[in-house]
Protein chains: 2
Amino acid sequence: MESMINHELYKVFYLAAKTGSLTQAAKALYITQPSVSHAIKQLEDSFGITLFYRNSKGVALTQEGAILYSYIEQSNILISLAEKKMAELKNLEAGELKIGGSDSLFKHYLLPYLEKYHKQYPFIGLSLIHGTTPEVITYLKEGRIDLGVVRLPIVDPQLEVKEGIELQDCFVAGAHFAELKGKVLTLEQLMEYPIILFSRNSRARMAITELFHDYGYDIKPEIEVGSVDLLIEFAKKGLGISYVTREFLSKELDEGTLFEIQLDVHLPPSRVGVMTMRNVPLSSAAKTFVEYIR
Amino acid sequence: MESMINHELYKVFYLAAKTGSLTQAAKALYITQPSVSHAIKQLEDSFGITLFYRNSKGVALTQEGAILYSYIEQSNILISLAEKKMAELKNLEAGELKIGGSDSLFKHYLLPYLEKYHKQYPFIGLSLIHGTTPEVITYLKEGRIDLGVVRLPIVDPQLEVKEGIELQDCFVAGAHFAELKGKVLTLEQLMEYPIILFSRNSRARMAITELFHDYGYDIKPEIEVGSVDLLIEFAKKGLGISYVTREFLSKELDEGTLFEIQLDVHLPPSRVGVMTMRNVPLSSAAKTFVEYIR
DNA sequence: GGGGAGATATAGATGGAGTCTATGATAAAC
DNA sequence: GTTTATCATAGACTCCATCTATATCTCCCC
C-alpha cells in the first residue's frame, strides 16, 4: 500500500491510449503535452513496465499497456456511468422517495401533492409505507423512509417537523340519526348514542379519550374499526356516530349522506406534519417533495 | 468535460465508504482526517449531492452515496486487478512470449533456452511462430512476434540484431558413400555425387548456390527437401550428400551414422542472431528471454 | 540532402491544489 | 462532569502537477 498509485494518472493513460497521442490526450484534458508525457512516465516508472511505444506519429500500447488498458477502460466507463447517474439524481431524473404515514393521510392529504410530483418527476420511484405514528418514527430512524406524514404534535429531539394543514375531528352521523341534525349536544347526551371510534392504538383515539376524561367522562365505543373508510361506511349505514376527521368527509358532507353533530364543547383541532430526521441530509427527491407540501 | 472530476477523490470516497469512517480512511491513505473531509466535500460539492450522513460514530452513505459507491467499488476493484496484473507481468508471473524463426533453429538452437526459461517462468505463455527470414521480419514489424531468431547477416535499420553462436554448414554423407571418408574433395568432384539441398527459398540454399557460383560452378541438387530433418534422414539412407548445418547433426556425427565430407575450399560459417525492433520496447518476458541467449 | 512539420522527451521555474497543524463543535461513553 | 471519540473549519505551508521553452527524433516533401 506504500506505492498506491494516483488514480488521476489512469485518467491520463486512458485518454492517451484512446487517442493514440499524448498531444491529443493533453487537449482533451486541458493540460499541456509535457504534463501528459510526465504522467505516463510516472505510471511506467511505478509499474517498472513500458506502456507505450513512442514514434513520430504518436503512441501505441505495448502488450502490457494493452492489458492495463483493458482494465482501465472498464473502470473509467463505470466512473462515467456513475457521474451520469449522479447528474440524474441531482436533476431528479432518477431516484426514489419513500414516505411513511397512515393510509388516510396518504389518501386525503398527500394524494394531490404526490400526483403533481409524480407528473413533474416521473422517473422518481414512489414508496408509500403504511404504519402508525410510532412505527413511522421507527422507520425514519432506521432510514427505511425519507420522511413521515403524521398528526402533530411530535416531540422528539431527533426529528425535524414541518407543520402542514390543520384538521378538525368531529362526530358525524347518517340519516338514521336525522333527529340530531341542527341540535347542539352535550358530551353526556352524545354518549347515549352508539359511538364508533378508530382502534385503540391510534393517536386520534387517544386524543378523544383524553378530552372526555378531562370533562370527567369515560368514553366507550360501541364499535371499533381499523380504517377511516370503515368509520365513514358504518356511520352511513346508521350503525352509530363516528368520530372522524372532517376534511376526510367533504364528499359525504356535501352529498348530505352524513352530517356533523354540533357539540357544546370545542374539539381541539389537530395539525398534520411532515417529519424528517434532524441532522440527516435529505435526498434530492425528498428535499424537493417537502417543498411541495404547504 | 469542463467539470471533469479528479479521480483521486473517488479513491478517498471509496475508502471512506468502505471503512465507514473518515478517520480510518485517512489512516489507510496515509493522510490526515481533514484532508479526507476536504476531499469528500469536494466530491459532494461537484455533484451537488450529499454522499454521507455524518454522526459521532463515523459516516454512513446516503441513498445517493450508496448508488455512487456501487459504481466506484466496481471501478476500484478493476484498478486493483489491473495493478495486480501489472505486478505479475513485471515479475514474469504472467505474460506471453512470441518468437519467430525456423523450426530447425527452434529445435537445435533455441530449445535449451526455452526449456530453462519455461522452467523458471512457467506462467509465461510461449508461442513459436514458424516462418522464413523475410516472413519473420514482417511478423516483427507487424508486432505479431516479440523477437525473431534467424541466420545473419540481417541488414535493416529498423531492426536491432544480437549475434548468437556461429554455425558451420557442411556436406555430410552416410555409410553408402563411405569411400569418401577421410578424402579431401574439390567442388568439382563433389558435384559428381547426388546432392541434397534445402528448398530453393531458404537463406542457406542461396548462400551455397552463390558460393559455387563464385568458383564458377552451378550447383544443381538431385533432391530438394523442406526440412533439416529430411536432409539428415535422406543422407542417412544413402540417397545423396546433404548440405546441412554441422551443429544440427552432433548426434549423427558422434554415432558415426553420418560423416562430414572434407573440401579443399572453406565454406563460410554463418551466425545465428536474435532480431528485435529497434526503438520499440520489449515486453518484460522478451527482455528477460533475450538475456538468456548467449 | 536540407528543412519543415509533426511527434515525444527533458529541464527548470512556478503556482496552486492538496495536505498539514491547530482548533472547534458535537455526541456518546464513562 | 469529564473524557474520548467523531467530523468540520481555518489558515499556513509545501510539494508536485503543470507550464514554458527547448531538445530530439522521424517522416515527408521539395
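A label point on A:Lys18, set 7 Å along the Cα-to-Cβ line, lies at 2.5 nm from each of its counterparts in the other copies, closest listed first. A simple charge model with +1 on the Cβ of Lys and Arg, -1 on the Cβ of Asp and Glu and nothing else charged puts the dipole of chain A at about 1360 debye relative to its Cα centre.
Within the protein assembly as shown, DSSP assigns beta bridges of which about 55% are antiparallel (rounded to the nearest 5).
Largest mean-square fluctuation among B:Glu247, B:Glu73, B:Glu224, in a Gaussian network model of chain B whose springs join Cα atoms under 10 Å apart, belongs to B:Glu73. Between A:Lys90 and A:Leu239, the contour length at 0.36 nm per residue exceeds the alpha carbon distance by 48.4 nm.
Which percent, to the nearest 5, of DSSP beta bridges fully inside chain B are antiparallel?
Details: 21 of 37 bridges.
In chain B, DSSP labels about 55 percent of beta bridges as antiparallel.
Convex hull volume of the Cα atoms of the stretch B:151-294, normalised per residue: 127 Å³.
Computed over chain A, relative contact order equals 20 percent, with contacts defined as Cα pairs under 8 Å that lie 6+ residues apart. Among B:Glu192, B:Glu93, B:Glu260, the largest mean-square fluctuation in a Gaussian network model of chain B, built with springs joining Cα atoms closer than 10 Å, belongs to B:Glu192.
Among DSSP beta bridges whose residues both lie in the stretch A:169-268, state the antiparallel percentage, nearest 5. Around 45 percent of the beta bridges assigned by DSSP in the stretch A:169-268 are antiparallel ones. Across the options A:Phe198, A:Leu97, B:Phe177, the greatest Cα extent toward the positive end of the charge dipole of the protein assembly as shown (unit charges at beta carbon of Lys, Arg, Asp, Glu) belongs to A:Leu97. Taking the Cβ of A:Lys90 as the center, what net charge do the other residues with Cβ under 14 Å away carry, scoring Lys and Arg +1 and Asp and Glu -1? Net charge in that neighbourhood comes out at -3. Taking label positions 7 Å along the Cα-Cβ direction at both B:Thr23 and A:Glu192, the computed distance is 7.1 nm, reported to one decimal. Of the chymotrypsin sites (Phe, Trp or Tyr not before Pro) found in the stretch A:97-163, the ones in coil according to DSSP and having at most 15 other Cβ atoms within 10 Å of their Cβ are A:Phe123.
If the segment from B:Leu253 to B:Ser35 were pulled out straight at 0.36 nm per residue, it would be longer than the present Cα-Cα gap by 70.9 nm.
Once you list every other residue whose beta carbon is under 15 Å from the beta carbon of B:Val59, what net charge do they have if Lys and Arg are +1 and Asp and Glu are -1? Working shown, then result.
Details: positive: B:Lys18, B:Lys27, B:Lys41, B:Arg54, B:Lys57; negative: B:Glu44, B:Glu64.
Charge balance near B:Val59 sits at +3.
For trypsin sites (Lys or Arg not before Pro), the sites in the stretch B:68-175 that DSSP calls loop and that have at most 16 other Cβ atoms within 10 Å are B:Arg144. The stretch between B:Ser80 and B:Thr132, if pulled fully straight at 0.36 nm per residue, gains 14.5 nm over its current Cα-Cα span.
Residues considered: B:Thr186, B:Thr138, B:Thr209. Largest GNM mean-square fluctuation over chain B, using C-alpha springs under 10 Å, is found at B:Thr186.
Only Lys, Arg, Asp and Glu count, each charged at its Cβ (+1, +1, -1, -1), so figure out the dipole size of the stretch A:169-268 about its Cα centre, rounded to 20 debye.
Values: 10 positive and 17 negative charges, 33 e Å.
Here the stretch A:169-268 has a charge dipole of around 160 debye.
Axis of helix B:33-47 versus longest Cα principal axis of chain B: the two differ by about 90°, to the nearest ten degrees. Across peptide A:80-88, the average count of Cβ atoms from other chains found within 10 Å of a residue's Cβ is 5.
Near B:Ile137: Cβ cut-off under 13 Å, other residues only, Lys/Arg at +1 and Asp/Glu at -1. The net charge is +1.
For chain B, the longest principal axis of the alpha carbon atoms and the long axis of helix B:111-120 meet at an angle near 20°.
What is the angle, in °, between the Cα long axis of helix B:63-90 and the longest principal axis of the Cα atoms in chain B? Nearest 10 is fine, range 0 to 90. The two axes meet at around 30 degrees. Inter-label distance, A:Tyr53 to B:Asn201: 2.4 nm, where each label sits 7 Å from its Cα along the C-beta direction.
Values in this text are rule-based calculations from the coordinates and carry no lab data. Everything numeric in this text was worked out from a predicted model, so none of it was measured. Note that each Cβ is placed from the backbone with ideal geometry, even for glycine, and that neighbours are counted across all protein chains shown.
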